[in-house]
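The values are calculated or read from the model by the stated rules, or taken from the named source; none is laboratory data. These figures come from a predicted structure and were not determined experimentally. Here the Cβ positions follow ideal geometry from the backbone for every residue, glycine too, while neighbour counts run over all protein chains shown.
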Amino acid sequence: MSWPVANVWLIPAIPIAISLVILSLAKSRRQSAAGLAIIGQVVALALSIAGFLESLQTPSFRAVQNFTWFTFGETALRIGWVLDPLAAAMLVMIALVGLCIFIFSIGYMADDKNFTRFFAYLSFFSGAMLGVVIANSLLLLFVFWELVGLASYLLIGFWIERPRAAAAAKKAFITTRIGDMGFFLGMLWLYHSSGTLLFYDDGNGCLESVGLAMLGASATFIALLIFCGAIGKSGQFPLHVWLPDAMEGPTPVSALIHAATMVAAGVFLVARVYPLFSLGRINGVTSSLTVVVWIGVTTALMAALIAIAQADIKRILAYSTVSQLGLMMVSLGVGGVAAGIMHLLAHGFFKALLFLGAGSVIHGCHHEQDIRKMGGLRRLMPVTFLTYAVGMMALSGVPLFFSGGWTKEEILHATAHWPKSHVPYYLVLAGVILTALYMTRQVIYVFFGSPRAASAHVRESPRVMTTPLIALALCAIFFSVVLTPGWPWLHGYLTGEPAQFDIKRSIQPMLFVSLVLVAAGIGLGVLVYRRAGMPDRRRPAEVDPFEYAQPALFCFLENKMWIDELYGRTVIAFSWMSARLSDWMDRYFWDGLVRAFGRLGQLFGIFTTNVDELGINAGVDETMTGTRGLGRVMSSWHSGQIQTYLGVIAIGMLALLLLYAWLV
Amino acid sequence: MTLTLQIFLIVSAALFCIGLLAALSRRHAIFILIGIEMMLAAANLNFIAFWRFSPEPHQPTGVMVAIFSIAIAAAEAAVGLALVIAVYRHYRTTNVDQFDQLKG
């Protein structure tokens with residue numbers, strides 16, 4: 001093993017260590033904080049690239065290092081690190097996207113008072129996410145998983161003086177915690193069944209044949225429980241409600257955590273424990289994978305529908321993320337693991353790009369986030385517009401030059417060949433059209449048309465912010481090179497199969513399908529939203545064209561299908577009621593019981609007191625009185641008369657004599 | 001009639017009882033002393049009687065005891081009289097009924 005692979009634990013350790021150093025700096029040391037964070041990220045990126053290059057050497061590369069954490073009795077708890085193609089690719093993506101976002105944050109958070117704290121939290125998050133990726137033990141993964149959740153909480157609620165941010169952070173943490181409960185239960189069950197939580201351990205790991213053989217039918221339930229964690233973290237239905245609210249955090253946070261990396265952790269987890277999901281598959285289908293598919297496709301479609309009706313620039317992108325994650329889950333579920341992971345990597349790049357572009361727009365419009373108030377930024381912020389357009393086309397799935405197109409095609413291909421049902425395929429097709437539709441709507445509102453209220457006094461963002469945008473845009477384009485089916489290098493790398501360069505394979509029927517869908521989506525978007533933001537026939541300017549056409553449907557979608565309200569009436573109301581009930585029980589019932597016991601003790605004390613005072617005291621007093629009386633009586637016998645005494649002596653002596661005579 | 005031991009014992013017992021009666025029922029202190037002397041005399045008589053009718057009357061055992069007893073009686077009478085005089089000096093009476101300071 002080369003040095004970077006042998007010391008792969010440094011990759012998460014360095015950013016976390018640097019975050020602790022930054023926390024010890026004073027608030028005024030902004031440049032040191034940013035510098036340290038970026039240095040840490042660069043080192044992590046360098047090590048990740050070194051590990052990645054190392055992993056290219058051999059096909060089906062896997063470097064594992066396990067060690068014992070602690071022993072109790074005869075059992076030892078072992079954890080370790082693993083570096084395989086999945087992990088190596090994820091490491092490079094996370095480190096690279098993270099670096100771009102760190103650089104962007106220097107410009108975006110330049111006016112913020114808590115600049116140093118921001119970089120400390122960002123660095124901490126980066127280290128934790130890198131740790132999730134290379135963990136070889138489900139327990140270690142869970143530890144880093146929770147750290148990532150903590151970092152998300154700290155960063156969403158970064159502006160602590162805003163109550164909405166605090167509420168959003170709380171909501172995120174609690175919602176993901178619900179998923180994590182399922183994750184933890186699955187982990188316990190797995191440990192109980194297979195005796196180990198290590199993934200790869202020279203054949204004894206829980207994902208290798210020996211470990212899997214011990215699971216039997218419980219593998220489905222374990223997989224579903226672990227999937228609960230993924231549902232929470234990746235914002236799948238029904239635990240998606242925290243992701244849109246998480247947009248209360250600063251935009252770099254949304255880019256890093258809620259677009260590229262943390263929400264990807266759920267998809268990564270499913271890919272990581274895929275052998276559990278696919279155990280006992282018949283024709284590539286198992287029950288747990290079927291659940292994954294249905295939840296994924298529901299999420300994808302639902303989120304895409306809601307995104308059409310949102311007016312906040314970041315919320316559209318948030319729902320887009322939820323939808324794309326659903327798409328990735330579908331891909332994993334139907335068996336296209338490599339396709340799903342490739343889409344995850346590509347999505348990381350172009351979603352971060354889109355969010356940073358949105359951040360640039362928000363920064364330029366002086367923190368206005370409503371797209372209906374923006375417009376015509378195409379000429380006022382050209383670099384932002386161009387990079388945003390690249391991201392939008394990648395997301396919509398325009399093939400050939402944009403990475404998102406190829407990966408989406410792969411996913412469509414995998415979904416079309418699912419033996420169980422064709423319904424997910426059709427729903428995914430609908431999702432592709434909707435994606436193109438809402439992105440077109442957003443681009444038209446923000447960049448086209450004539451400038452509206454917030455677009456006055458807008459300048460292009462400084463270079464420190466536009467350079468990462470350009471870098472990510474280039475990544476989004478050139479990444480497509482390794483994704484084409486003509487040279488499926490990344491696919492081969494992830495699955496361990498050799499890749500052949502065959503240009504003819506680039507032209508597949510699915511390519512035409514996706515071309516048609518994307519064109520339909522963009523075309524429909526242009527048609528409907530061509531005059532958005534401007535008055536058109538009888539529609540006022542501020543009313544969305546879709547809203548004008550279908551007000552009831554629009555209202556339903558705009559209010560997020562009332563799911564938050566539903567949860568509020570049911571789950572949260574139930575929690576409130578149980579909390580109040582518990583409080584009442586504690587205050588009156590248990591407290592009453594405790595007080596009753598106290599009262600019992602008190603009664604016992606009173607009883608004892610009375611027994612003591614009236615019984616024993618009186619008894620003693622009576623004895624004393626009796627003794628005194630007896631004494632008085634006996635002393636009255638002492639008459640002082642000598643002759644009486646003499647007489648008694650005489651009688652006594654007589655009695656003794658008689659006794660003597662009787663005995664002898 | 002022949003002098004048997006029983007006659008002497010009866011006399012001695014009678015004398016003892018009379019002495020006891022005297023000690024218990026006379027009010028004058030001197031009379032109590034007289035009664036005590038009579039009891040002592042009765043005891044002496046008892047000793048002599050048993051000595052006289054013993055198998056070896058030539059040994060002077062009984063007489064010795066009687067002589068000691070009389071000497072002690074005399075000493076004791078002296079002491080008793082001294083006591084009576086001391087008490088008389090305090091109480092100015094010899095009526096034993098009035099010596100009741102130990103009354104409780």
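Here is a yes/no grid of residues against (1) within 60 Å of the chain's Cα centre (by Cα); (2) at pLDDT 90 or above; (3) surrounded by 10 or more Cβ atoms within 10 Å (Cβ to Cβ):
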{"position": "A:Gly598", "(1), (2), (3)": "yes, yes, yes"}
{"position": "A:Thr609", "(1), (2), (3)": "no, yes, yes"}
{"position": "A:Thr623", "(1), (2), (3)": "no, yes, yes"}
{"position": "A:Thr627", "(1), (2), (3)": "no, yes, yes"}
{"position": "A:Gln641", "(1), (2), (3)": "no, no, yes"}
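For B:Ala74, only one of the following conditions fails: (1) within 13 Å of another protein chain (Cβ to nearest Cβ); (2) aliphatic (A, V, I, L, M); (3) assigned to a helix (DSSP H, G or I). What is its number?
Unmet condition: (1).
Can you tell me which residues in segment A:326-344 are hydrophobic (A, V, I, L, M, F, W, C) and surrounded by 24 or more Cβ atoms within 10 Å (Cβ to Cβ)?
A:Leu327, A:Met328, A:Met329, A:Val330, A:Leu332, A:Val334, A:Ala338, A:Ala339, A:Ile341, A:Met342, A:Leu344
Condition check: assigned to a helix (DSSP H, G or I), surrounded by 10 or more Cβ atoms within 10 Å (Cβ to Cβ) and in contact with a Phe, Trp or Tyr (Cβ under 8 Å, 6 or more places away or on another chain). Does A:Trp562 satisfy that?
Against the criterion (assigned to a helix (DSSP H, G or I), surrounded by 10 or more Cβ atoms within 10 Å (Cβ to Cβ) and in contact with a Phe, Trp or Tyr (Cβ under 8 Å, 6 or more places away or on another chain)), A:Trp562 qualifies.
May I ask you to list pairs of residues, at least six apart or on different chains, whose Cβ atoms are under 9 Å apart, with the first in segment A:9-29 being closer than 16 Å to A:Met109 by Cβ and the second being outside any helix (DSSP H, G or I) and of a type outside the set (Phe, Trp, Tyr)?
As it stands, the answer is A:Ile22/A:Arg29; A:Lys27/A:Lys113; A:Lys27/A:Asn114, since those pairs meet every condition given.
What are the residues in segment A:65-85 that are surrounded by fewer than 17 Cβ atoms within 10 Å (Cβ to Cβ) and of a type in the set (Val, Ile, Thr), if any?
Passing the criteria: A:Thr68, A:Thr71, A:Thr75.
Can you find a residue that is modelled with pLDDT under 95, aromatic (Phe, Trp, Tyr) and under 20 Å from the mean Cα position of the chain (by Cα) anywhere in segment B:90-98?
no
What do you reckon, is B:Ile10 more than 14 Å from chain A (Cβ to nearest Cβ) and closer than 19 Å to A:Leu654 by Cα?
yes
Do you know which residues across segment A:16-45 are touching a helix residue (DSSP H, G or I) at 6+ places or on another chain (Cβ under 7 Å) and under 10 Å from A:Ala120 (Cβ atoms)?
A:Ile18, A:Ser19, A:Val21, A:Ile22, A:Leu23, A:Leu25, A:Ala33, A:Leu36, A:Ala37
Filter segment B:21-36 for residues that are closer than 24 Å to B:Ala71 by Cβ and surrounded by fewer than 19 Cβ atoms within 10 Å (Cβ to Cβ) and give the result.
B:Ala22, B:Ile30, B:Phe31, B:Ile34
Could you run through segment B:14-36 and say how many residues are within 12 Å of chain A (Cβ to nearest Cβ) and more than 10 Å from the chain's Cα centre (by Cα)?
Residues in segment B:14-36 being within 12 Å of chain A (Cβ to nearest Cβ) and more than 10 Å from the chain's Cα centre (by Cα): 10 in total.
Quick one: in segment A:202-251, which of the residues that are farther than 30 Å from A:Arg164 by Cβ and among the polar types (S, T, N, Q) is modelled with the highest pLDDT?
A:Thr220
Taking segment A:537-559 on its own, how many of its residues are loosely packed, with under 11 Cβ neighbours inside 10 Å and among the hydrophobic types (A, V, I, L, M, F, W, C)?
Within segment A:537-559, residues that are loosely packed, with under 11 Cβ neighbours inside 10 Å and among the hydrophobic types (A, V, I, L, M, F, W, C) number 1.
So which residues in segment B:82-104 are within 13 Å of chain A (Cβ to nearest Cβ) and of a type outside the set (A, V, I, L, M), if there are any at all?
Listed by number, the residues that qualify are B:Tyr91, B:Thr94, B:Asn95, B:Asp97, B:Gln98, B:Phe99, B:Asp100, B:Gln101, B:Lys103, B:Gly104.
How many of the residues making up segment B:54-86 are over 23 Å from B:Leu33 (Cβ atoms) and modelled with pLDDT of 90 or more?
Result for segment B:54-86: 2.
Right, A:Asp180: closer than 22 Å to A:Val8 by Cα and charged (D, E, K, R) or not?
no
Which is of a type in the set (S, T, N, Q), out of contact with any strand residue (DSSP E or B) (no Cβ under 8 Å at 6 or more places or on another chain), surrounded by 10 or more Cβ atoms within 10 Å (Cβ to Cβ) and under 30 Å from A:Leu305 (Cβ atoms), of A:Ser636, A:Ser582, A:Ser575?
A:Ser575
Which condition from (1) on the phi > 0 side of the Ramachandran plot; (2) buried (at least 24 other Cβ atoms within 10 Å of the Cβ) is the one that A:Gly284 breaks?
(2)
For the subset of segment A:435-457 comprising residues that are modelled with pLDDT of 80 or more and among the aliphatic types (A, V, I, L, M), which member is farthest from the chain's Cα centre (by Cα)?
Step by step, filter segment A:435-457, then rank; the result is A:Ile444.
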